[in-house]
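A.B. asks: My questions all concern the structure below.
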Amino acid sequence: MLHKLNLENILFLDIETVPEFRDYSELSEEKKLLWDEKSKYQRKDEFTPEEFYERAGIWSEFGKIICISVGFFNSRNGSRHFRLTSFKGEEEKLLREFTVLLEEYFFQPYHLLCAHNGKEFDFPYIARRMLIHNMRLPGKLNLFGKKPWEVPHLDTLELWKFGDFKHYTSLKLLTNVLGIPSPKEDIDGSMVREVYYENGELDRIVKYCERDVLAIAQVILKLRQEALLSDSEIISV
């Protein structure tokens with residue numbers, strides 16, 4: 001089935017998130033109580049709620065998106081290219097820009113969204129943040145009433161599981177075992193909050209996010225047993 005897909009109908013994507021506020025102290029008293037309750041299971045007695053707040057970006061109720069990077073295949077005159085671009089900065093603005101992309105260019109029934117662990121993280125996170133900003137969900141993210149086989153999402157983690165639902169493989173590990181150049185050559189996800197809030201280096205995060213998108217596309221090519229993208233085939237716009 002994967003071999004039958006037209007690669008040009010797939011939008012590859014990755015998001016980067018951080019805590020909604022720089023410091024725990026900026027939360028309202030009500031939000032602090034809600035954070036304490038939400039994080040209690042994971043932090044147990046090892047961390048105070050304040051100490052654990054640096055990890056708040058993984059929850060859409062307490063985090064925000066600072067970058068959505070996307071990539072798609074484009075073939076002209078018999079040669080293929082993979083185009084990369086990013087939406088970055090203020091969350092509501094980047095979400096609206098991303099929505100325009102979906103509604104104007106990737107809205108047909110045959111179009112698919114693809115991410116690594118996207119079904120558990122990227123896709124629901126984007127949808128929840130859109131609703132928090134009172135935005136209408138684009139069709140590719142509005143799953144209400146859809147049957148599992150009608151959901152227009154591909155997930156490289158799910159593809160690699162081959163039905164083994166207890167198995168988790170990071171993108172870094174997956175690229176390593178498949179012989180794909182690692183996307184984690186500068187920073188990794190655990191460093192994004194610090195790079196964003198302490199260093200103010202959003203563009204560095206964007207480059208990291210784009211490398212992940214490229215890696216996801218390379219994984220799909222590898223699973224289809226096709227040649228990986230060369231540097232000359234990758235275009236950043």
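A.B. asks: Only one residue in Arg136, Arg128 is assigned to a helix (DSSP H, G or I) and either touching a Leu at 6+ places or on another chain (Cβ under 6 Å) or not aliphatic (A, V, I, L, M) (or both), so which one is that?
C.D. replies: Criteria check complete, one pass: Arg128.
A.B. asks: Another one. Of these, Glu233, Glu198, which one is within 25 Å of Arg129 (Cβ to Cβ) and surrounded by fewer than 20 Cβ atoms within 10 Å (Cβ to Cβ)?
C.D. replies: Of Glu233, Glu198, the one residue that is within 25 Å of Arg129 (Cβ to Cβ) and surrounded by fewer than 20 Cβ atoms within 10 Å (Cβ to Cβ) is Glu198.
A.B. asks: Kindly evaluate Ser190 against the criterion of being under 18 Å from Val18 (Cβ atoms), surrounded by fewer than 16 Cβ atoms within 10 Å (Cβ to Cβ) and of a type in the set (Ser, Thr, Tyr).
C.D. replies: The answer is yes for Ser190.
A.B. asks: Hey, could you check the stretch 152-175 for residues that are of a type in the set (A, V, I, L, M) and crowded, with 16+ Cβ neighbours inside 10 Å and say which is farthest from the chain's Cα centre (by Cα)?
C.D. replies: Leu174
A.B. asks: If you don't mind, there's one more thing I want to ask. Tell me, please, whether a residue that is buried (at least 16 other Cβ atoms within 10 Å of the Cβ), under 18 Å from Leu154 (Cα atoms) and not hydroxyl-bearing (Ser, Thr, Tyr) can be found in the stretch 40-54.
C.D. replies: Checked the stretch 40-54: no residue is buried (at least 16 other Cβ atoms within 10 Å of the Cβ), under 18 Å from Leu154 (Cα atoms) and not hydroxyl-bearing (Ser, Thr, Tyr).
A.B. asks: With (1) more than 14 Å from the chain's Cα centre (by Cα); (2) more than 25 Å from Phe21 (Cβ to Cβ); (3) β-branched (Val, Ile, Thr) as the list, and Ile216 as the residue in question, which single condition is left unmet?
C.D. replies: Status for Ile216: all satisfied but (1).
A.B. asks: Using beta carbons and a limit of 7 Å, which pairs, at least six apart or on different chains, have the first residue in the stretch 86-97 and polar (S, T, N, Q) and the second one surrounded by 14 or more Cβ atoms within 10 Å (Cβ to Cβ) and in a helix (DSSP H, G or I)?
C.D. replies: Short answer, once both residue conditions are applied: Ser86/Val206; Ser86/Cys209; Ser86/Glu210.
A.B. asks: Of all residues in the stretch 154-213, count the ones that are of a type outside the set (Ser, Thr, Tyr), closer than 17 Å to Ile15 by Cβ and not in a loop (DSSP other than H, G, I, E, B).
C.D. replies: 21
A.B. asks: Could you look through the stretch 176-187, keep only residues that are touching a helix residue (DSSP H, G or I) at 6+ places or on another chain (Cβ under 9 Å) and free of Cβ contacts under 8 Å to residues at least 40 places away in the same chain, and pick out the one that is surrounded by the most Cβ atoms within 10 Å (Cβ to Cβ)?
C.D. replies: So the residue we want is Pro183.
A.B. asks: Hey, another quick one. Looking only at residues that are of a type in the set (Val, Ile, Thr) and in a strand (DSSP E or B) in the stretch 53-97, which one is nearest to Ile220 (Cα to Cα)?
C.D. replies: Val70
A.B. asks: Starting from residues that are farther than 23 Å from Phe121 by Cα and among the aliphatic types (A, V, I, L, M), keep the ones in the stretch 1-29 and report whichever is surrounded by the most Cβ atoms within 10 Å (Cβ to Cβ).
C.D. replies: Only one residue tops the list, namely Leu27.
A.B. asks: Kindly establish whether Lys32 is charged (D, E, K, R), surrounded by 14 or more Cβ atoms within 10 Å (Cβ to Cβ), assigned to a helix (DSSP H, G or I) and free of Cβ contacts under 8 Å to residues at least 24 places away in the same chain.
C.D. replies: yes
Read-outs throughout are calculated quantities, based only on the coordinates presented, and are distinct from any laboratory measurement. Since the structure is predicted, the reported quantities are computational estimates derived from the model, not experimental observations. Positions of Cβ are generated from backbone atoms using ideal geometry, with glycine treated the same way; all protein chains shown enter the neighbour counts.
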